[in-house]
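A single structure is presented below for examination.
The values are calculated or read from the model by the stated rules, or taken from the named source; none is laboratory data. These figures come from a predicted structure and were not determined experimentally. Don't worry about glycine lacking a Cβ; one is built from the backbone with ideal geometry, like all the others, and counts go over all protein chains shown.
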Amino acid sequence: MLFDDFFFLVNQVASTETDSDILAELAEQLFDRPALLSLLAVSPHLPDSLLEAFSKHPEPAVRLMLTCNTAVSSGLKPAILKVLLADTNPDIRYSLAENYNLPREALAMLLDDENPYVCNRARKTLQRLEVQFVHSVSSVDFGGKNDKRSEGVA
């Protein structure tokens, strides 16, 4: 029961805007508990010092969850993203390769990954992003003189 309560508490802290000093203290207490620390890794409110520490954590589960952190995957933290793109664990790189929020330049880097599954996943993600982009551009009504869609509409 105590573990469940602690699990809930860490999850709550990770999902709310929490003071960076509190996050740092909690991370220090949880460093040897990767199951709980990985919950904290997804918090978009982590200070850069914790993001850096998590990106080099010995437990892959912590680094894997860091790939889901929106501050990292959106490219707002390029130094952390660079560390994860070069991670020795292919699961970390695969997680990045399937992330549609990752900058396209980062996905393109994974096209040359040594692991064929990572390469293939990055290629598919880029292809799907391209299809979405083309579809969204083709559905825009530019309202020009040659726009046949607006003619004869009552």
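Please pick out the residue among 21, 32 that is outside any helix (DSSP H, G or I), modelled with pLDDT of 65 or more and either over 21 Å from residue 70 (Cβ atoms) or touching a strand residue (DSSP E or B) at 6+ places or on another chain (Cβ under 6 Å) (or both).
Values: 21 fails: outside any helix (DSSP H, G or I).
Among 21, 32, only 32 is outside any helix (DSSP H, G or I), modelled with pLDDT of 65 or more and either over 21 Å from residue 70 (Cβ atoms) or touching a strand residue (DSSP E or B) at 6+ places or on another chain (Cβ under 6 Å) (or both).
Just checking: which of the helices (runs of 4 or more DSSP H) contained wholly in region 45-125 hold 3 or more residues that are hydrophobic (A, V, I, L, M, F, W, C)? Let's see the steps before the verdict.
Values: elements: 48-55, 60-66, 70-73, 78-85, 90-97, 104-110.
The helices (runs of 4 or more DSSP H) meeting that bar are 48-55, 60-66, 78-85, 90-97, 104-110.
Here's something else I'd like to know. Among 103, 78, 58, 47, which is the only one that is surrounded by 14 or more Cβ atoms within 10 Å (Cβ to Cβ) and either under 26 Å from residue 119 (Cβ atoms) or modelled with pLDDT of 90 or more (or both)?
Selected residue: 103, the only one of 103, 78, 58, 47 that is surrounded by 14 or more Cβ atoms within 10 Å (Cβ to Cβ) and either under 26 Å from residue 119 (Cβ atoms) or modelled with pLDDT of 90 or more (or both).
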